[in-house]
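Worksheet: the structure to be examined is printed underneath.
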Amino acid sequence: MGLRTFIESWPVYRQLTGDDPLGRGSASYSRTTKTLVPRTVTAEKVVKSICPYCAVGCGQNVYVQDGQVTQVEGDPDSPVSRGRLCPKGAATKQLVTGSGRQTRVLYRRPHGTDWEELDLDTAMDVIADRVLESRRAGWQDEVDGARTNRTLGFAHLGGATLDNEENYLIKKLFTAMGAVQIENQARI
């Protein structure tokens, strides 16, 4: 690159000699900037979704290319958020693409110090066995002569990332199992 080409590529030179004296348009673009293409343009499809972080339910457009999420943006068609997302909602892409995301079941045995990897079926069986054991050990048919049919062997604390429908189903499940301590983080 010659000296003249270098000087002409300098933004201040382009600003002073071109049609953008305030430097708010073409003068501020570099060669690299001019060739950039938004990730949303190359997406194969756009999937409508809802932000999982809180109970507001902001609409999201999830852009997918080759089966991978490439971008998450607010959905302008959403009557709830009208295309806006809070910082957590704008970072939703990291939920599925973040390098720190766990994609396997890790288990640490009682009194153990190391984590071991379990397959999903084994982990689900361990959870089911423990729920049934806790239910059986803590079951109360009556308390002070009053029929209760409940267990104090386990409780549930839901997260704020669940929507109303998911919380309703969880409440029904835990009530059917006899639990009485059912709470949600969003209410605390």
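The values are calculated or read from the model by the stated rules, or taken from the named source; none is laboratory data. All values reported here derive from a predicted model rather than from experimental measurement. Reconstructed Cβ throughout: ideal geometry from the backbone, glycine too, with neighbour counts over all protein chains shown.
Points to keep in mind about this one:
- Counting only strands (runs of 3 or more DSSP E) that sit completely within segment 59-175, those holding 3 or more residues that are farther than 30 Å from VAL37 by Cα and at pLDDT 90 or above correspond to 105-107, 116-118, 139-143, 146-151.
- Matching residues, segment 1-24, being outside any helix (DSSP H, G or I) and free of Cβ contacts under 8 Å to residues at least 12 places away in the same chain: MET1, GLY2, TRP10, GLY18, ASP19, ASP20, PRO21, LEU22, ARG24
- Residues satisfying the stated conditions in segment 72-99, i.e. crowded, with 17+ Cβ neighbours inside 10 Å, touching a residue at least 24 places away in the same chain (Cβ under 8 Å) and over 12 Å from the mean Cα position of the chain (by Cα): GLU73, ASP75, SER81, LEU85
- Selection within segment 50-68 - more than 24 Å from GLY159 (Cα to Cα) and buried (at least 19 other Cβ atoms within 10 Å of the Cβ): TYR63
- Residues in segment 25-54 that are among the hydrophobic types (A, V, I, L, M, F, W, C) and assigned to a loop (DSSP other than H, G, I, E, B): LEU36, VAL37, VAL41, ALA43, CYS51, CYS54.
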